[in-house]
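So the structure is just underneath, and the comments pick up after that.
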Amino acid sequence: MDSMSFVLFGATGDLAKRKIFPALYNLFIDQKMPESFSIIGIGRKDFSNDEFQNQVMQSLITFSRRSLEDQKMVQEFLDSIRYQQLDITNKEGFVDLLDLVKEREQELQLPENRLFYLSVAPEFFEVIASNIKESGLGTTKGWKRLIIEKPFGRDLKTARDLNEKLSKSFKEDEIFRIDHYLGKPMVQNLEALEFANPVLQALWNNQYIANVQITASETVGVEERAGYYDKSGAIRDMFQNHMLQMLMMSAMHLTNQNTASDVRAEKKKVLESLLPLSKEEVVSHVVRGQYGSGEQNGKKVVAYRQEPGIEFSSQNDTYVAARVLIENDFWKGIPFYIRTGKRMKEKSTRIVFEFKSPIQNLAKKNSINNGPNLLVIEINPNERVSFYLNSKNVEGNIEPVQAEYFANKEDRPEAYELLVYDALRGDSKFFAHWNEVELSWQWVQPILEAFEENLVPLHTYKSGSFGPEAADELLAEDGFKWWLDTDFVQENENNKTDLKRSI
Ligand SMILES: NC(=O)C1=CN([C@@H]2O[C@H](COP(=O)(O)OP(=O)(O)OC[C@H]3O[C@@H](n4cnc5c(N)ncnc54)[C@H](OP(=O)(O)O)[C@@H]3O)[C@@H](O)[C@H]2O)C=CC1
Ligand SMILES: O=C1O[C@H](COP(=O)(O)O)[C@@H](O)[C@H](O)[C@H]1O
């Protein structure tokens with residue numbers, strides 16, 4: 001891996017503290033940082049280098065998964081960090097930043113490889129990129145890269161504008177757009193599951209799969225992010241990016257060990273094949289909801305409209321479910337159901353592939369207790385792949401059994417660690433390409449407009465529930481239901497079978 005400078009804008013912020021510095025330190029301890037590197041943190045606050053290094057130390061104590069016992073290593077890591085106070089809207093200040101970057105390059109004999117990480121509010125993305133170019137920071141004898149946080153625009157037009165402006169300073173292959181769901185080990189595992197298992201490859205299509213369900217439910221509410229969230233809603237905060245990324249990763253077809261451009265090309269094909277919805281059609285395919293009051297973990301919680309900073313008349317969506325159809329040879333006719341919501345009953349991110357059951361009717365007639373085969377990929381909080389099959393028990397009856405692979409989460413790198421490592425190596429496989437971002441906004445745009453114009457009812461759902469009933473009806477229309485952990489338990493009680501038995 002090339003030695004380089006890591007220039008972090010927003011180094012005094014929440015994301016830097018909770019994710020970025022711990023990720024860098026963990027990589028350093030795991031010997032996954034370049035042999036030589038310089039880290040330069042930028043913020044508005046006034047800190048000396050020592051004060052800032054102390055602040056980073058505090059964040060490592062709280063958030064790093066690696067031990068801090070080896071004081072020599074800790075000190076070596078902290079010594080690599082410098083702090084520069086800079087107002088990023090002040091163009092002249094970037095000349096001082098360039099001086100500092102160069103000074104460290106000379107001291108450490110680093111090649112001019114520069115990675116710029118924009119961990120700041122999106123309104124600053126453009127000005128920073130432009131100031132990097134104008135100041136000469138982006139004119140290097142080595143490579144330059146830009147890591148950019150979400151949100152990437154707030155609709156199709158603003159995303160296109162932003163991309164056009166960024167592309168004046170950075171080429172597409174220099175831009176690494178973070179979608180932290182692509183850094184989740186189980187989302188990354190979808191690629192391997194598919195190309196490394198001929199049996200799954202053979203079944204990964206509309207001949208064998210009945211429907212696919214992608215869920216990201218959260219128990220938290222809006223927290224302290226009212227200002228941002230009330231203008232974004234679940235559709236922009238989760239659906240346009242994380243949920244559609246999981247859809248692409250689930251529906252793409254890969255046959256081999258793949259490069260970044262293979263994976264991105266396959267993902268693009270999926271988005272290009274999405275059946276577009278007109279604004280008027282949105283109401284029959286999309287459910288929007290907002291949480292009311294309720295109970296969570298035995299505690300009463302208030303409705304969204306009573307949360308601090310939220311207007312009582314807010315029409316913002318905290319829940320979205322959708323039926324998405326992919327019009328290609330692999331998936332034509334097979335619904336992909338996607339849902340995400342806050343203040344739901346459980347924190348769960350999972351993908352369920354439900355297989356067709358040609359013997360279902362026969363089984364019913366003969367009172368055989370079989371269920372559909374399911375492939376369940378749990379992403380968060382558990383990391384597990386389970387296959388539900390039907391098998392004969394000791395009494396000679398057919399019953400569903402579960403084959404599972406449970407990942408040991410202890411000692412697993414976190415999403416940011418995996419993504420920062422990839423960016424250091426210049427591997428863009430698990431970053432969003434502009435094509436993906438543009439096509440996802442394009443597909444979501446009529447939904448934004450239908451919400452804006454109130455063409456879709458806003459269902460209130462109880463906090464601590466599974467969301468609006470309308471989302472259950474969306475599946476019931478097609479003869480399906482959402483699969484949940486509790487469903488398995490219920491069937492278990494009703495049918496006295498041991499769905500959870502592992503083989
Ligand atoms: N926090 C999170 O969990 C997540 C954040 N993100 C995204 O990451 C980005 C950063 O978020 P977060 O860390 O939470 O934000 P914070 O508000 O905590 O931090 C913002 C950072 O920007 C700096 N900053 C603001 N204005 C200026 C300026 N004019 N000149 C120089 N620096 C400035 C602040 O410096 P100072 O403190 O010195 O004023 C601070 O370091 C955002 O795009 C957000 O959407 C994405 C996913 C999760
Ligand atoms: O990007 C975001 O993601 C989190 C959920 O992330 P997870 O890794 O905990 O599943 C969400 O709470 C937040 O609103 C959103 O901005």
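The table below lists the values:
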quantity: Residue that is open to solvent by less than 40 Å² (accessible area, probe 1.4 Å) and part of a helix (DSSP H, G or I), where the choices are Leu8, Leu24; calculated: Leu24
quantity: Residue match in the range 73-92 (condition: in contact with a strand residue (DSSP E or B) (Cβ under 7 Å, 6 or more places away or on another chain), among the hydroxyl-bearing types (Ser, Thr, Tyr) and part of a loop (DSSP other than H, G, I, E, B)); calculated: yes
quantity: Verdict on Glu453 being in contact (Cβ under 8 Å) with a residue 40 or more places away in the chain, over 26 Å from Asn258 (Cβ atoms), of a type in the set (D, E, K, R) and in contact with a Lys or Arg (Cβ under 8 Å, 6 or more places away or on another chain); calculated: yes
quantity: Test result for Ser67, more than 18 Å from Ser135 (Cβ to Cβ) and more than 16 Å from ligand 1 (Cβ to nearest atom); calculated: yes
quantity: Residue among Glu404, Glu410, Glu399 that is of a type in the set (D, E, K, R), at pLDDT below 95 and open to solvent by less than 20 Å² (accessible area, probe 1.4 Å); calculated: Glu399
quantity: Flag for Asn54 being assigned to a helix (DSSP H, G or I), over 23 Å from Thr139 (Cβ atoms) and free of Cβ contacts under 8 Å to residues at least 12 places away in the same chain; calculated: yes
quantity: Residue among Glu327, Glu378 that alone is at pLDDT below 95 and more than 16 Å from ligand 1 (Cβ to nearest atom); calculated: Glu378
quantity: Of all residues making up the range 49-96, the number that are open to solvent by 60 Å² or more (accessible area, probe 1.4 Å), within 20 Å of Arg18 (Cα to Cα) and of a type in the set (A, V, I, L, M, F, W, C); calculated: 2
quantity: Lys45 within 16 Å of ligand 2 (Cβ to nearest atom), at negative phi, open to solvent by 20 Å² or more (accessible area, probe 1.4 Å) and touching a residue at least 12 places away in the same chain (Cβ under 8 Å); calculated: no
quantity: Test: residue in the range 36-47 that is within 16 Å of ligand 1 (Cβ to nearest atom), part of a loop (DSSP other than H, G, I, E, B) and in contact with a helix residue (DSSP H, G or I) (Cβ under 8 Å, 6 or more places away or on another chain); calculated: yes
quantity: Residues of the range 218-230 that turn out to be within 19 Å of the chain's Cα centre (by Cα), open to solvent by 10 Å² or more (accessible area, probe 1.4 Å) and either more than 9 Å from ligand 2 (Cβ to nearest atom) or within 27 Å of Arg323 (Cα to Cα) (or both), as a count; calculated: 4
quantity: Counted residues, the range 236-278 - those being within 16 Å of ligand 1 (Cβ to nearest atom), open to solvent by less than 30 Å² (accessible area, probe 1.4 Å) and over 27 Å from Gly426 (Cβ atoms); calculated: 4
quantity: Residue within the range 314-326 that is among the small types (Gly, Ala, Ser), free of Cβ contacts under 8 Å to residues at least 60 places away in the same chain and either open to solvent by 10 Å² or more (accessible area, probe 1.4 Å) or away from ligand 2 (no atom under 16 Å from the Cβ) (or both) present; calculated: no
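The values are calculated or read from the model by the stated rules, or taken from the named source; none is laboratory data. In this text, all values refer to a predicted model and were calculated from it rather than measured experimentally. Reconstructed Cβ throughout: ideal geometry from the backbone, glycine too, with neighbour counts over all protein chains shown. All accessible areas refer to the heavy atoms of the entire protein, side chains included, with ligands and DNA or RNA removed. Shrake-Rupley method; radii C 1.70, N 1.55, O 1.52, S 1.80 Å.
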